[in-house]
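The numbers here are math on the coordinates, done by the rules we state, and not lab data. These numbers come from a predicted model, not from an experiment. Neighbour counts are summed over all protein chains in view; Cβ atoms, including those assigned to glycine, are modelled from backbone coordinates with ideal geometry.
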């Protein structure tokens with residue numbers, strides 16, 4: 001029933017550049033059929049309600065609906081991304097569960113999150129704070145990014161990497177502890193359907 005209501009609001013919803021870009025990342029299209037299909041993908045459904053809860057007034061129909069449904073998706077899908085988190089347009093989460101992002105972290109545009117990713121805070125010391133992630137960053141399964149670090153644009157972070165140091169743009173990060181390898185084409189073939197609108 002909820003998905004039926006949301007599909008009926010398609011025209012209003014895709015006026016949001018963020019939601020339109022998120023949808024585009026999955027299929028390279030933003031038509032109503034792609035929207036209906038994307039609603040069956042846990043990552044897109046979660047991101048959709050995240051955007052609605054952030055962008056729509058708490059007094060609007062969609063705002064009320066989103067604020068009611070969004071917390072339930074934390075439990076259903078295992079995504080823990082607070083509404084206060086700053087996330088650029090074109091986010092893609094393709095797999096079910098295990099994504100935890102601290103509300104002080106920031107993500108750029110056209111990023112990709114795999115399952116079991118943690119983007120967390122360090123509470124003391126020289127790295128106290130949260131990661132700031134650039135544009136077109138691909139984060140593999142089981143990766144952990146912690147502390148006040150900066151991840152440049154076009155970075156690929158391999159599965160199970162532990163990252164607590166700055167990473168320059170155009171790099172690949174592997175291992176635990178992380179090893180940074182310069183690679184200008186690190187995300188080529190990984191970041192697909194880039195939303196440029």
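A few remarks follow.
- Considering helices alone, the calculated mean residue ellipticity of the chain at 222 nm is -9000 deg cm²/dmol, with DSSP H runs of length four and up weighted by -39500 (n - 2.57) and normalised per residue.
- Globularity ratio of the chain, using Cα Rg and 2.2 N^0.38 Å: 1.01
- At R0 = 22 Å, FRET efficiency that the Cβ-Cβ distance of residue 9 and residue 190 yields, to 0.05: 0.10
- Calculated P(r) of region 47-133 - Cα pairs past 21 Å, %: 32
- Mean separation of Cα pairs under 8 Å and 6 or more residues apart, divided by the residue count, gives the chain a relative contact order of 15 percent.
- Folded to 0 to 90 degrees: helix 61-77 orientation relative to the chain principal axis, Cα: 50
- Largest-first principal axis extents, alpha carbons of region 86-182, Å: 34, 29, 20
- Residues 114, 60 arranged by fewest to most Cβ contacts within 10 Å: 60, 114
- Ordering 55, 196 from the fewest to the most neighbouring beta carbons within 10 Å gives 196, 55.
- Helix 42-55 axis, angle to the chain major axis (alpha carbon atoms, nearest 10°): 80
- Helix 17-27 and the long axis of the chain differ in direction by around 80°, with both axes built from C-alpha atoms.
- Gyration tensor verdict on region 60-101 (Cα atoms; rounded if a/c is under 1.5, prolate if a/b is larger than b/c, oblate otherwise): oblate
- When both region 171-193 and region 80-157 are represented by their alpha-carbon centers, they are found 15 Å apart.
- Listed from fewest to most Cβ neighbours within 10 Å, the set 1, 128 follows the order 1, 128.
- Scattering curve values for region 111-153, log₁₀ I(q)/I(0), Debye with Cα scatterers, q = 0.14, 0.17, 0.18, 0.19 Å⁻¹: -0.31, -0.45, -0.50, -0.55
- For the Cα trace of region 1-52, dividing Rg by the Kirkwood Rh returns an Rg/Rh value of 0.89.
- Looking at the chain, the DSSP beta bridges with both ends there are about 15 percent antiparallel.
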